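The values are calculated or read from the model by the stated rules, or taken from the named source; none is laboratory data. None of the values given here were measured: they were computed from a predicted structure. Ideal geometry is used to build each Cβ from the backbone, glycine not excepted, and the neighbour counts take in all protein chains shown.
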Amino acid sequence: MRRSIVLAAAALSACALAASAQAAPPAVAVLSKGPAPHIELTQMMGRWYEVARIPNQLQKGCQAGTSDWTRAGEGFAVVQACHKGNVDGPVSEWKARARSLDPANNSLFKMSFFGGLVSKEYRVLDHHAADGWLILATDDGHYLWLMSQKPVMAAPVRAQALAKIKSLGFDVGRLEFPQPPKG
């Protein structure tokens with residue numbers, strides 16, 4: 001029974017990924033231009049809070065999203081969670097394995113979900129360690145997230161991050177801004 005639920009979830013995720021691939025990606029050319037930022041892998045560890053995202057079916061209605069990165073062998077164990085509907089809503093959780101595909105910069109990751117049944121490449125487009133934020137996108141440019149190591153970004157820092165997203169060719173008017181966690 002559990003295996004059929006996992007297989008059904010993987011099939012739904014694959015369908016959502018395939019359906020989103022039909023739309024024109026917002027900034028594919030930007031993803032392949034310029035040097036990748038160098039990221040120390042230790043800076044990826046810990047909790048990241050979702051500040052903004054391009055809407056996607058899997059995260060529809062998600063609020064107070066987090067990603068917890070823990071070192072696991074040559075890569076990371078990643079637990080992504082959000083509350084459905086509102087910050088007090090039920091928790092949805094996805095577990096993934098991530099590994100760097102470019103050891104020179106560590107800005108391209110492959111994440112595998114559902115025991116490897118679904119995998120996707122993610123690229124860190126910009127990273128400001130001093131301010132604790134990064135911009136992450138799928139390598140095809142269909143999805144994008146602004147992540148912060150703090151639940152709420154200071155207004156000037158958030159404005160800087162959004163300006164960077166815009167300079168990368170993404171339409172910031174399309175972004176969703178989920179509610180941050182309580183507290």
Take the residues in the stretch 106-161 that are under 24 Å from Val87 (Cβ atoms) and of a type in the set (Lys, Arg); name whichever of them is surrounded by the most Cβ atoms within 10 Å (Cβ to Cβ). Arg158
Given the conditions (1) more than 14 Å from Arg53 (Cα to Cα); (2) assigned to a helix (DSSP H, G or I); (3) touching a residue at least 60 places away in the same chain (Cβ under 8 Å), report the number of the one that Ala161 does not fulfil. (1)
Would you tally the residues in the stretch 131-161 being of a type in the set (A, V, I, L, M, F, W, C) and more than 18 Å from Pro37 (Cα to Cα)? 6
Residue under evaluation Phe114, criteria (1) in contact (Cβ under 8 Å) with a residue 60 or more places away in the chain; (2) on the phi < 0 side of the Ramachandran plot, criterion not met: (2)
Among the residues of the stretch 89-103, what is the count of those that are touching a residue at least 24 places away in the same chain (Cβ under 8 Å) and over 19 Å from the mean Cα position of the chain (by Cα)? 1
Residue in the stretch 71-82 that is in contact (Cβ under 8 Å) with a residue 12 or more places away in the chain, touching a Cys at 6+ places or on another chain (Cβ under 7 Å) and part of a strand (DSSP E or B) present: yes
Can you confirm whether the stretch 133-150 contains a residue that is modelled with pLDDT of 95 or more, in a strand (DSSP E or B), farther than 17 Å from Leu41 by Cβ and among the basic types (Lys, Arg)? no
In the stretch 99-117, residue modelled with the highest pLDDT [restricted to those that are touching a helix residue (DSSP H, G or I) at 6+ places or on another chain (Cβ under 8 Å), within 19 Å of Tyr143 (Cβ to Cβ) and not in a strand (DSSP E or B)]: Leu117
Filter result (assigned to a helix (DSSP H, G or I) and under 20 Å from Trp48 (Cα atoms)) within the stretch 164-183: Lys164, Ile165
For the stretch 47-57, the count of residues that are within 15 Å of Val79 (Cα to Cα) and surrounded by fewer than 22 Cβ atoms within 10 Å (Cβ to Cβ) equals 2
Note on the stretch 44-70: residues in a strand (DSSP E or B) and either β-branched (Val, Ile, Thr) or without any contact (Cβ under 8 Å) to a residue 60 or more places away in the chain (or both) are Val51, Thr66, Asp68, Trp69, Thr70
